[in-house]
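The next block holds one structure in the form of structure tokens; read it before the comments.
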Amino acid sequence: MKHGGQLIAEVLQAQGVRFLFTLCGGHISPILVGAKNLGIRVIDTRHEATAVFAADAVARNSGVPGVAAVTAGPGVTNTITAIKNAQLAQSPLILLGGGTATVLKDRGALQDIDHLALLSPHVKWATRCTAVRELVPTLERAFQIAQEGVPGPVFVETPVDLLYPESNVREFYGAKSAGKSKSLAEKALQAYLRLNLARVFFGANRHTAKAPQPPKAQQPFPGAVARAVTKLQRAKRPVLLIGSQATLRPTEIDRLVKAVEELGVPVFLSGMARGLLGAKHPLWFRHKRTAALKEADLVMLAGVPCDFRLDYGLQISRRATLISVNRSEIDVRKNRKPQLAVVADPMAFLVALADSTPKLADITPWKAKLKARNDERNTQIAEQSEASTEWVNPLRVCQAIDATLADDSVQVVDGGDFVATASYITRPRTPLSWLDPGVFGTLGVGAGFALGAKLCRPDAEVWLLYGDGSAGYSIAEFDTFVRHGLPVIAVVGNDASWGQIARDQVTLLGDDVGTVLARSDYHRVAEGFGAKGLLVTDPDELPEALAQAKRWAAEGKPVLINVHIGKTEFRKGSISM
């Protein structure tokens, strides 16, 4: 008879899972062994949060829910931030959590806590299996729930006595009931354990893993596309804003690109949608988005809610026609009532809209105005990059990285001020080539995202842009990169500060308390884990350091470049909440 770990592994295999992320623990060992025996690559990390971040990145890149397995108690609690980040980023993933034996639940066993109470607010569904026969159908349902509607994480607790071979579990139960006493209490205990054992294993192999039914994309309601066409044809200054939700079906991303090009509407991109149109597409505008939204007479939000990133909808003119398309019934109307609200998959809507071939008014003057602004901002950035600073101007660092990026590169960003500066300068080259945490603004995603991205795209250059503050969260994962042969290139913008916080805190409150770091030797930390490290303190050293990093990565070696950067006024007053 197959043990529970094997049954779970068979479901993962049937669902198309190629990687299982974990930090090992006795509660989940059968899952790891079962997965390995079926050819699923088990990637063990140095922190459970990294395992979940990596699963998140796999979901974003592949369209198949990522999977992480962690041990009970602190193993599960260590994932909370990463799980919440996935929920808010609408990433479908499965978290398998170990649990105490069913017979010992709530009796003070090792690492026995109420996992469901902790996880339920942060996932689409949280459940606990109580018998081996429940493992397969429960896990299959978890995959379905994670992907349907608004995607998100799902938590499944798998008690340890459901996972190990029945013979091992019988020995465990026997040890718990061992004793020569023939007292009534002893006999009652033995009877109870036998009954629980029978319940746990009854019908254990009743269910076998089945091929999944791919989730159907939510289609727009009848008439929605026709109404959008009518509004779009009247517009003289339209703007299309596309967010991560439009990229939730990565295997169909080419259809989205084609639809956007056929529509011909000026586009601003955010989140995972960055890079959708490449680095130089004439429809893509990066700068002065707020000014464009205030002047537009039609704004179409494709998978973008009116949250703090759009100043709760205030960036959009009240005179503009607002079309909002979102999988979420809440987000489609969040903070601002649109003239047309469409609860549907944004990709499906844009494809249907393009298929209707709307005849737009002549918007050439509008595009020219947006381009002039965009070019002006690029010129300003280029001029600011030449400014002299102590150490290396961070804008110049980002320009050097952008000039170095390969056409197949992926950028993972983890940080505040340095990373936000990079978002103005480094250009994603292809769809799905930019990974940021999303609306939660979580620091610490870097190593996990880079891990998942490199596994999904092994032939691509994966660049991890770190602030020196955020690097501290996951730099130990260079050990993971080395052990698993994943040549990620990391660049740390090291200004010895929590810069994004310091610039406003010092200005508003006159004190830098809690924001000061040291110019630590992060490159030596990476070297200590077996990776390659480089230190850059002069701008003239940048080109060769970046070139050397690419050479080492091509040889299969992870690299960390520690760049001492100076302080600028580039993003003064830019923090938003």
Query raised in the report: Can you name the number of the only condition in (1) under 21 Å from residue 440 (Cα atoms); (2) in contact (Cβ under 8 Å) with a residue 40 or more places away in the chain that residue 143 fails?
Result: (1)
Query raised in the report: Among the residues of the stretch 424-445, which ones are in contact (Cβ under 8 Å) with a residue 60 or more places away in the chain and among the small types (Gly, Ala, Ser)?
Result: 433, 438, 444
Report task. Scan the stretch 397-410 for residues that are touching a strand residue (DSSP E or B) at 6+ places or on another chain (Cβ under 8 Å) and without any contact (Cβ under 8 Å) to a residue 60 or more places away in the chain and jot them down. Result -> 405, 409, 410
Report task. With a cut-off of at least 3 residues that are under 20 Å from residue 45 (Cα atoms), name the helices (runs of 4 or more DSSP H) lying wholly within the stretch 62-160. Result -> 74-77, 80-89
Query raised in the report: Which residue pairs have Cβ atoms closer than 6 Å, lie 6 or more positions apart in sequence or on different chains, and pair a first residue in the stretch 246-264 that is assigned by TED's automatic domain parsing to the domain that holds residue 438 with a second residue that is in a loop (DSSP other than H, G, I, E, B) and surrounded by 15 or more Cβ atoms within 10 Å (Cβ to Cβ)?
Result: none
Report summary line: Scanning the stretch 97-145 residue by residue, those under 30 Å from residue 344 (Cβ atoms), crowded, with 19+ Cβ neighbours inside 10 Å and among the hydrophobic types (A, V, I, L, M, F, W, C) turn out to be 119, 123, 126, 139, 142, 143, 145
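For every residue, the table says whether it meets (1) under 19 Å from residue 248 (Cα atoms); (2) in the same structural domain as residue 309 (by TED's automatic domain parsing); (3) of a type in the set (A, V, I, L, M).
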position: 10; (1), (2), (3): no, no, no
position: 23; (1), (2), (3): no, no, yes
position: 29; (1), (2), (3): no, no, no
position: 88; (1), (2), (3): yes, no, yes
Report summary line: Of the residues in the stretch 146-168, those that are surrounded by fewer than 21 Cβ atoms within 10 Å (Cβ to Cβ) and either among the β-branched types (Val, Ile, Thr) or over 19 Å from the mean Cα position of the chain (by Cα) (or both) come to 150, 164, 165, 166, 167, 168
Query raised in the report: Among the candidates 116, 110, 88, which residue alone is of a type outside the set (Gly, Ala, Ser) and within 18 Å of residue 130 (Cβ to Cβ)?
Result: 116
Report task. Residue by residue through the stretch 361-376, note down the ones that are of a type outside the set (Ser, Thr, Tyr) and loosely packed, with under 15 Cβ neighbours inside 10 Å. Result -> 361, 362, 365, 368, 371, 372, 375, 376
Query raised in the report: Among the residues of the stretch 423-445, is any modelled with pLDDT of 95 or more, within 25 Å of residue 20 (Cβ to Cβ) and in a helix (DSSP H, G or I)?
Result: no
Query raised in the report: Has the stretch 268-291 got any residue that is under 23 Å from the mean Cα position of the chain (by Cα) and under 22 Å from residue 339 (Cβ atoms)?
Result: yes
Query raised in the report: In the stretch 526-541, which residue that is in a loop (DSSP other than H, G, I, E, B) and under 27 Å from the mean Cα position of the chain (by Cα) is nearest to residue 393 (Cα to Cα)?
Result: 531
Report summary line: Filter the stretch 6-24 for residues that are surrounded by fewer than 24 Cβ atoms within 10 Å (Cβ to Cβ) and over 24 Å from the mean Cα position of the chain (by Cα); the one that is nearest to residue 62 (Cα to Cα) is 10
Report task. Could you look through the stretch 488-519, keep only residues that are among the polar types (S, T, N, Q) and in contact with a helix residue (DSSP H, G or I) (Cβ under 7 Å, 6 or more places away or on another chain), and pick out the one that is nearest to residue 451 (Cα to Cα)? Result -> 494
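The values are calculated or read from the model by the stated rules, or taken from the named source; none is laboratory data. Since we're looking at a predicted model, the values are computed, not measured. We place every Cβ from the backbone using ideal geometry, glycine too, and count neighbours over all the protein chains shown.
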